[in-house]
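Derivation of every value follows stated rules applied to the coordinates shown; laboratory data play no part. Computed from a prediction, not measured in an experiment: that's the story for all the values here. Note that we place each Cβ from the backbone using ideal geometry, even for glycine, and neighbour counts take in every protein chain shown.
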Amino acid sequence: MRQKLSDVEIQRALADLPGWSRRGDSVTKTFTFDHFADGISFVDRVAAAADGMNHHPDIDIRYTKITTTLSTHDAGGITQSDLDLAKKIEAAAK
């Protein structure tokens, strides 16, 4: 089982993930796209990255705004897997 990170570890990692914030036992970010189809393409790239890691985000689609939320449920909070996937999501947004 993956280990939950400490508050300090999470804060340090978020310093390298612009726009990401902590909400309780999750990290989250909302991405905005010019067109609905661009957001859906982004979701497809996120899905591929998530499947490759076998670690899946919660994704909320609201027209051109896509919110991703990461938490490791079996660890009861934020783990390194969440932060690694956040980096891949950032790459998918570019």
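Observations on the model:
- Residue pairs whose Cβ atoms lie under 7 Å apart, separated by 6 or more positions or on different chains, with the first residue in region 5-25 and closer than 16 Å to LEU85 by Cβ and the second of a type in the set (Phe, Trp, Tyr), are LEU14/TRP20.
- Of all residues in region 68-83, those that are farther than 9 Å from ASP25 by Cβ have Cβ atoms under 7 Å from Cβ atoms of residues that are part of a strand (DSSP E or B) and aliphatic (A, V, I, L, M), 6 or more apart or on another chain, in THR68/ILE59; LEU70/VAL27; ASP82/VAL27; ASP82/LEU70.
- Selection within region 26-45 - out of contact with any helix residue (DSSP H, G or I) (no Cβ under 7 Å at 6 or more places or on another chain), hydrophobic (A, V, I, L, M, F, W, C) and touching a residue at least 24 places away in the same chain (Cβ under 8 Å): PHE36
- Search result, residues across region 46-71 that are within 11 Å of the chain's Cα centre (by Cα) and polar (S, T, N, Q): THR67, THR68, THR69, SER71
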